[in-house]
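One structure is given here, and the rest of the page talks about it.
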């Protein structure tokens, strides 16, 4: 069994990767054991035998039929986690601040770096939301609507985690509810934060609805005007 979880950052991919790896006793691939985020690199990696059986990994890469065909040839099960774009933006903002605190002077300059050190309602942050963050929403929508990956609702994992997980495992390989329940405990936000400093930075709040207390009318206006159709396509309410 091989599983790949695809989609933009801060959707809950690490969390669900933990859940599935625990349920199926899969080895988690990371770092140099995973390919570059390019369809051609992934195809070459699969063809060279770099994707061993009984493993799982996640990646942030745009949907393309070429990419999916390469992963299907492994073969691999593809999963994507979708999250309320408002909550995803808040999570992305705080994740960006935290990464900056631990990666001083490291890595190449990225577009998200312009929001580092700014308050959530700063004009630079609003500009980023208006002109840059739409790529994340579009990427999530493309995977969700592709029909080539099993979709998982982040909110479903909070509201009825056993049922939402079972819906996915029934498509990959049915397991007993007890096994799902044990994996959910093992992969709770608190347990994940305690296991490593890196996970404690990636798993911040692990809640639904955080954006309702944090976003201003200015943020909501941008979401409505620029991303309303994408939000509705993902099945969420436009606020």
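The values are calculated or read from the model by the stated rules, or taken from the named source; none is laboratory data. Computed from a predicted model, the values in this text were never measured in an experiment. Heads up, the Cβs are rebuilt from the backbone with ideal geometry, glycines too, and the neighbour counts pull from every protein chain shown.
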| task | Filter region 9-35 for residues that are under 17 Å from the mean Cα position of the chain (by Cα) and not in a helix (DSSP H, G or I) and give the result. | result | 9, 10, 11, 12, 28, 29, 30, 34
| Condition met for residue 78 (in a helix (DSSP H, G or I), at pLDDT 95 or above and in contact with a strand residue (DSSP E or B) (Cβ under 9 Å, 6 or more places away or on another chain)) | no
| query | Assuming residue 49 fulfils every condition listed in (1) out of contact with any helix residue (DSSP H, G or I) (no Cβ under 9 Å at 6 or more places or on another chain); (2) not in a loop (DSSP other than H, G, I, E, B) apart from one, which condition is it? | reply | (2)
| field | Qualifying positions in region 114-135 - surrounded by 20 or more Cβ atoms within 10 Å (Cβ to Cβ) and either in contact with a strand residue (DSSP E or B) (Cβ under 7 Å, 6 or more places away or on another chain) or in a helix (DSSP H, G or I) (or both) | value | 115, 125, 128, 129
| field | Filter result (in contact with a helix residue (DSSP H, G or I) (Cβ under 6 Å, 6 or more places away or on another chain) and either part of a loop (DSSP other than H, G, I, E, B) or at positive phi (or both)) within region 136-191 | value | 148, 149, 175, 187
| said: As an exercise: evaluate residue 4 against (1) more than 20 Å from residue 75 (Cβ to Cβ); (2) outside any loop (DSSP other than H, G, I, E, B); (3) under 13 Å from the mean Cα position of the chain (by Cα) and give the number of the one condition it does not meet. | reply: (1)
| message | For a quick check of your reading of the model, give me the residue pairs whose first member lies in region 213-228 and is outside any helix (DSSP H, G or I), whose second is modelled with pLDDT of 95 or more, with beta-carbon atoms closer than 7 Å and at least 6 apart or on different chains. | response | 215/86; 215/90; 216/121
| note | Residue pairs within 8 Å by beta carbon, gap of at least six or interchain, first lying in region 20-42 and on the phi < 0 side of the Ramachandran plot and touching a residue at least 60 places away in the same chain (Cβ under 8 Å), second in a helix (DSSP H, G or I) and surrounded by fewer than 18 Cβ atoms within 10 Å (Cβ to Cβ), listed first then second, are 20/172; 22/182; 22/186; 23/179; 24/172
